[in-house]
Amino acid sequence: MATKAAKPKVARPKVAKAKVAASPKGLRILMVASEAQPFSKTGGLADVVSSLPKALGRLGHDVTVITPRYRGAPDGPVAATVALEVAGHRFQARLLEHQIGPGARVLLLDCPELYDRAGIYYEAGVDYPDNPIRYAFLSAAAVDFAAQQTRPFDILHAHDWQAGLTPIYARALQHPSTPAPQHPSTVLTIHNLAYQGIFDKTWVPLLGLGWQDFTIDGFEFFDRLSFLKAGINAADALTTVSPTYADEIQRPEYGYRLDGVMRARHGRLTGILNGIDPDEWNPAADRFLPEPFDVDRLDAKAASKRALLECFGLAVTDESMARPIVGMVSRMVDQKGLDLIAAVQAQLAARDATFTIVGTGEPHYQDMWRRLSHWRPNRISAFIGFDEQRAHLVEAGADMFLMPSRFEPCGLNQMYSLRYGTVPVVRAVGGLVDTVRPYNPRNGQGNGFLFSEYEPGAMLRTLDEALAAFANKKIWSRLQKNGMRADYSWDRSAAEYVKIYERLRPARTTRRAPASKG
Ligand code: ADP
Ligand code: GLC
């Protein structure tokens, strides 16, 4: 798997007004990623690449994110320019500045010949053949921008395979031939180990890489070039997006043939749970909802349920308002457990529930939902496509949220659901284990329903338990409130990233010493 199966959306940013200077003690961090909200998005990576920098900015650090300017993303003031040769061709780009919050800005890498296309990673189901160039250029441009700084960055933080070459290219920053040699430490965050960016080895010299690194401890992967492995082996520190996933990826079951590498590098690996962006996902102030609600005004959630039914073309009656709505917002791929649903689709569709689904992905899963919608038009409504408003309405208006993932590095939707009083029904895997606690009727603790075995019967039984609990209003409201009261903000997790950055600081200072002598 090289790229994610999801249609892109590109949107205009709400530009933050104030530009707040970071505290002098704050770190200077340069992030590199292939998507960032609100400029581009196919999945949770985009949410994190915008919400984490904002959280770090609030803590007094100074964060710049470099990400491609895909079709439809806005123009902006030019912060810098880069001109670099990749695969024998000279590419020029402008870096267009957008402040996204105090201490946090995005620089859109504007290189139309590489990024101004109909898709983000692919078109008509086929990956762009020049993806190695497009994403090598992203990392190389970020490193070139870092080299232009009079006040160097402390940390270069790359996300996922698309930015995997950043730690390797960053070695050039230490070279005496760099105008002002600098020694930023490098961090790589793995959002999903299943997507690795694997290409033919003929790319190695074309991308300015050296054959000396085409080894098992470098970026060689079964005689091919792996962008992700390059980053894993070259970065000073590695993180992934939940503690449970950090353990799982060291096992063959979840390691996607990189579990050995993860075991070898486990001393540098930390699992840090994602947070959610309070500006975007807050039922008390969500621009997509008809009426705000929160834990003390839970009755007002009914307005969102009504709006959800209307938006999905389902009748609003006393009956449909009383019947539980099961929601899903998901890339329609195997990772998300769509094959479990396919295996029991008829039984699922026969449950006394309404289903509202938003998603895009593999054609056979899209067709399955279309068929089910035709079969039971009053009970099942699926929107095939990428639609932010519908995603928010499902989170807010549904009663429960189904996420039967085969694997889930973190998962944001279950956290959004918890925040919106929509009870998650999930498989106990990855970040889902770290966020959803099973409901215990004896003491009223817990916030959702989990099943362990990756098996359709287990999913159905657990959904049935949730449907039974829904019938008891007292239990249900307890479950909802347990979920809504927890803290899903970035505050704690952003502080954990800072700890890692700070831990890398002494190494940087020692390495800096000889350079400063001359
Ligand atoms: P992943 O990144 O693996 O897809 P996450 O749960 O971390 O899973 O994040 C998915 C993000 O993408 C959420 O913000 C979710 O709302 C959004 N999303 C997924 N599919 C769609 C869609 N079809 N329309 C709108 N938003 C979507
Ligand atoms: C990936 C994972 C998802 C995670 C997201 C953000 O897309 O599949 O579980 O929440 O990245 O880190």
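The values are calculated or read from the model by the stated rules, or taken from the named source; none is laboratory data. Since we're looking at a predicted model, the values are computed, not measured. Note: ideal-geometry Cβ built from the backbone for every residue, glycine included; neighbour counts use all protein chains shown.
Odds and ends about this structure:
- Flag if THR215 is of a type outside the set (Phe, Trp, Tyr) and modelled with pLDDT under 95: no
A quick yes/no check of all residues on (1) surrounded by fewer than 16 Cβ atoms within 10 Å (Cβ to Cβ); (2) more than 16 Å from ligand 2 (Cβ to nearest atom):
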| residue | (1), (2) |
| --- | --- |
| PRO152 | no, yes |
| GLN162 | no, no |
| THR166 | no, yes |
| PRO176 | yes, yes |
| THR189 | no, no |
| LEU207 | no, yes |
| ASP213 | no, yes |
| GLY218 | no, yes |
| PHE222 | yes, yes |
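- When we screen ASP339, ASP279 for residues that are over 23 Å from ASN192 (Cα atoms) and among the charged types (D, E, K, R), the only hit is ASP279.
- Some residue of the stretch 221-230 being in contact with a Ser or Thr (Cβ under 8 Å, 6 or more places away or on another chain), assigned by TED's automatic domain parsing to the domain that holds VAL63 and in contact (Cβ under 8 Å) with a residue 12 or more places away in the chain: no
- Among the residues making up the stretch 354-386, none is over 22 Å from the mean Cα position of the chain (by Cα) and within 16 Å of ligand 2 (Cβ to nearest atom).
- Checking ARG379, ARG427, ARG351 one by one, the residue that is within 15 Å of ligand 1 (Cβ to nearest atom), of a type in the set (Lys, Arg) and under 21 Å from ARG461 (Cβ atoms) is ARG427 and no other.
- Some residue of the stretch 193-201 being modelled with pLDDT of 95 or more, within 16 Å of ligand 1 (Cβ to nearest atom) and of a type in the set (A, V, I, L, M, F, W, C): yes
- Qualifying positions in the stretch 290-304 - crowded, with 21+ Cβ neighbours inside 10 Å and farther than 29 Å from SER242 by Cα: LYS301, SER304
- Some residue of the stretch 279-289 being surrounded by fewer than 16 Cβ atoms within 10 Å (Cβ to Cβ), outside the structural domain of ASN192 (by TED's automatic domain parsing) and more than 16 Å from ligand 1 (Cβ to nearest atom): yes
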